[in-house]
Amino acid sequence: MSNVYACMWCFFLVVLNPVSLALDATNSSGAAGFSLPLVPYYRTTAGVLEELLPEGDAEGGVNITSIRPKMIPYSGGIYSVRVGIGSGGTQHFYKLALDLVRPLTWMQCKPCVPEKRQDGSVFNTAASPHYHHIASTDPRCMAPYTRAGQGRCTFDVKFQYGDSRARGVLGSDDFVFDGSGPGSPISSVNGLVFGCAHNTHDFYNHDLWAGVMSLNRHPTSFIRQLSARGLAAPRFSYCLASRQHRDRRGFLRFGADIPDQSHARSTPLLHGDLAQGGGMYYVGVVGVSLGGRRLTAITPVMFELNRRSLRGGCIIDVGTSLTLMATAPYHVLVAELIAHMRSRGVQHAIFSPGQKHCFRGKWESIHRHLPSVTLHFQFHPESVALFIRPELLFVAMTGERTDYVCLAIVPYAERTIIGAGQMLDTRFTFDLQQNRLFFAPEQCHLDTSAVS
């Protein structure tokens with residue numbers, strides 16, 4: 001799920017330099033590697049709390065509208081890349097938010113109803129000499145796309161929340177990646193397939209993003225199209241630095257540009273069948289630990305994918321800024337968290353509506369008791385697990401007379417989604433050829449460049 005579509009929180013824009021590209025770098029198999037700078041939007045703590053703590057009173061008469069500056073600099077954000085699309089006079093650079101869920105890179109195209117404000121003009125296919133519609137008879141016009149009238153191939157992308165969606169037609173045009181300084185190469189890829197959206201509903205782009213870049217496993221995703229042409233091995237990687245390093249830019253790396261991962265742990269990427277998994281990156285979670293203690297009430301069945309309804313399972317998505325957890329394991333986790341904190345003398349507070357779980361008291365007595373969460377993966381010994389430190393799990397604030405710390409994991413009926421906010425300082429590498437996810441702790445700010 002990408003919070004591009006449903007996130008209503010406030011963000012800070014970090015303005016980054018243009019894209020740095022090195023398509024001439026090759027690995028031993030001859031496949032190229034290149035990197036795109038990541039452009040993050042960081043939520044303010046007030047923005048996070050607006051979602052976690054809807055306006056109203058907490059249990060015990062505490063008014064959340066009296067919140068003051070943050071105490072933990074929560075770092076969850078939404079990440080985009082900057083690419084040029086089009087040919088001739090209509091070629092412009094656009095910011096596309098990353099999406100690991102849906103199968104298609106798409107953007108607003110004229111005419112688009114409603115036409116959302118974005119960074120740059122809306123793409124005009126009529127003014128791009130190399131733009132071509134994908135015909136309904138084209139072999140790429142297959143599910144989930146639809147053959148329509150006038151020989152067009154159409155798409156209808158549904159977002160994760162409510163009735164949000166984008167509709168339009170499939171086309172192809174040139175994608176351009178510009179260098180980061182004098183003498184840097186300018187490289188382009190001709191005829192990449194993408195979606196031209198002529199209608200959107202509840203597309204929350206914060207007046208910035210023109211659309212999304214798909215890194216899904218479907219053949220029409222950006223990574224699959226590049227690898228099919230031999231421009232990059234079918235692998236991509238990112239390492240998200242915390243907001244304290246917002247004067248630095250990280251990278252989305254492809255193919256040979258990915259650092260050595262021989263030291264990393266790995267787990268299989270499941271449900272590669274597009275009919276079953278939709279091209280999303282499923283991992284097999286079998287258990288959860290809180291503060292180093294395995295929660296036996298959370299069982300593997302709570303994270304299983306229902307192959308009929310396609311609900312359930314656990315996916316990885318850098319386009320989702322917070323981790324969402326299926327309701328059954330979430331309620332167990334919250335109950336154990338409350339017991340853990342109460343046993344240490346920390347009071348629990350529920351904010352309504354939404355039943356958001358927080359803890360109140362003096363900051364000095366709260367923060368030292370905050371536990372970690374560990375996600376355990378299947379088919380592996382206990383050592384193969386994703387450790388999430390407390391700083392990435394809680395949002396803190398001060399009130400008039402007391403302090404509050406709130407859990408930054410929320411329940412979600414559809415499935416479990418490991419989001420960007422809980423991925424910081426860990427490198428994730430998605431290997432589509434081996435169907436494995438590699439991950440390892442890393443000081444991600446060391447794989448960045450300065451924002452000029």
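Rule-based calculations on the coordinates, nothing more; no lab input. Please read all numbers here as calculations on a predicted model, not as lab measurements. In this analysis, Cβ positions are derived from the backbone assuming ideal geometry, glycine residues included, and neighbour counts consider all displayed protein chains.
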Checklist line | Karplus-derived 3J(HN,Hα), 6.51/-1.76/1.60, for each residue of the stretch 106-122, Hz, glycine and proline x | finding: 9, 8, 5, 10, 6, x, 10, 10, x, 8, 7, 4, 8, 7, x, 6, 6
Notebook entry, point to check: If we count other beta carbons within 10 Å of each Cβ, what is the order of Lys356, Lys110, Lys362, fewest first?
Noted result: Lys362, Lys110, Lys356
Next item on the list: Could you line up Trp209, Trp106 from fewest to most neighbouring Cβ atoms inside 10 Å?
Entry: Trp209, Trp106
Note to self: Based on alpha-carbon centroids, what's the gap between the stretch 270-325 and the stretch 206-226 in Å, whole number please?
What the structure shows: 22 Å
Checklist line | P(r), alpha carbons of the stretch 371-452 - 10 Å bins starting at zero, rounded % | finding: 13, 36, 33, 14, 3, 0
Check: If you take the C-alpha gyration tensor of the stretch 265-450, multiply each eigenvalue by 5 and take the square root, what semi-axes do you get, largest first, in whole Å?
Finding: 30, 20, 15
Check: Which one of Ala420, His445, Asn435 has its Cα pushed farthest toward the positive end of the charge dipole of the stretch 399-452, where Lys and Arg give +1 and Asp and Glu give -1 at the Cβ?
Finding: Asn435
Next item on the list: Using the number of other C-beta atoms within 10 angstrom as an exposure proxy, rank Ile417, Ile388, Ile338 with the fewest first.
Entry: Ile338, Ile388, Ile417
